[in-house]
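The values are calculated or read from the model by the stated rules, or taken from the named source; none is laboratory data. These numbers were taken from a predicted model, which means no experiment stands behind them. Virtual Cβ from ideal backbone geometry, glycine too; neighbours counted across all protein chains shown. What goes into the accessible areas is simple: the full protein's heavy atoms, side chains included, and nothing from ligands, DNA or RNA. Shrake-Rupley method; radii C 1.70, N 1.55, O 1.52, S 1.80 Å.
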Amino acid sequence: ERVAKKEWKYITVAPKVECKGTSHLESFFQDVIDVGGEGVILRDPSAPYQPGRSPGYLKHKVNYSNN
C-alpha cells in the first residue's frame, strides 16, 4: 500500500482484480492483450506469500508462435 500511494518514475503498481469466473478471466485477459500486455498472473488467495517461484502463482500468457 505504501508503494502504491507514492508516484514513482519507473514503477507502476498493478491493480488487484478478483477473478469472478472463467468468462471474467478471459474478458479481463483479452482487455490486457488489447492494450499490449503479454498476460496476467493468477494467485491462489489461500496460498501463503513466499519469495521467488511459488506454486500459488500461475502465468496466463499469450502464446505467439511462428507456426
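The table below gives the values:
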| quantity | calculated |
| --- | --- |
| Verdict on LYS9 being closer than 18 Å to GLY56 by Cα, open to solvent by 80 Å² or more (accessible area, probe 1.4 Å), out of contact with any strand residue (DSSP E or B) (no Cβ under 8 Å at 6 or more places or on another chain) and modelled with pLDDT under 90 | no |
| Candidate set: segment 19-44, residues that are assigned to a loop (DSSP other than H, G, I, E, B) and touching a residue at least 12 places away in the same chain (Cβ under 8 Å); chosen: the one surrounded by the most Cβ atoms within 10 Å (Cβ to Cβ) | CYS19 |
| Scope segment 45-67; condition surrounded by 10 or more Cβ atoms within 10 Å (Cβ to Cβ) and among the basic types (Lys, Arg); matching residues | LYS61 |
